[in-house]
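What follows is a single structure, written as structure tokens, with notes after it.
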Amino acid sequence: MANSFMRSRHIAAHPDDTWAVVGDSMRLPEWFRVVTSVRLEGDRRILGLKGGAELVERFVLRDDEARRYVYTVESGASTPMTYHRAGFDVEDDGSGGSVVRWWTDARTADPTADLEERLGPAFDAGLESLAELLEGS
């Protein structure tokens, strides 16, 4: 079981261009297609999801210079959690492209839950969509 995991994807776009999309919450539905809407209320991000569910997240850290943000899920998770932190990092790959890392660290109320098994494919699909958007594919 893995409730702490990371997915990463190389993207052939400058890190600043990649961060301009990843770091802009309002653009999330463009590349993470399980999200249909985004509403910001202070340090909270309310995501409308396919199927009508709503996920409420709170930003914990944002560092535009480091191209990093960290968030926690406050409510609406389909798997109840006792602890959750997740985030994105966009780094320069050394050749003009980017490496995007999307990570999560969580503890679930259900000791048999495996978040990597459940969420990993969605993270992979989101990162693939992000690459397609940024690379013009």
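Laboratory data are not the source of any read-out in this text; all were calculated from the coordinates shown. Nothing here was measured: the structure is a model prediction, and the numbers come from that model. Positions of Cβ are backbone-derived with ideal geometry, glycine not excepted, and every protein chain shown enters the neighbour counts.
Here are some notes:
- Loop-resident trypsin sites (Lys or Arg not before Pro) (DSSP state other than H, G, I, E or B) in the stretch 35-137 with no more than 15 further Cβ atoms inside 10 Å of their Cβ: K50.
- Sparse packing (at most 15 other Cβ atoms within 10 Å of the Cβ) combined with a DSSP loop state is found for the following GluC sites (Glu not before Pro) in the stretch 52-136: E65.
- Contour minus Cα-Cα distance for V34 and D64 (0.36 nm per residue): 8.3 nm
- By the helix-only formula, in which each DSSP H run with n ≥ 4 contributes -39500 (n - 2.57) and the sum is divided by residues, the chain has a 222 nm mean residue ellipticity of -7500 deg cm²/dmol.
- Within a Gaussian network of the chain (alpha carbon springs, distance under 10 Å), most fluctuating of T18, T36, T104: T36
- For the chain, the fraction of alpha-carbon pairs in successive 10 Å shells from zero, as %: 12, 43, 36, 9, 0
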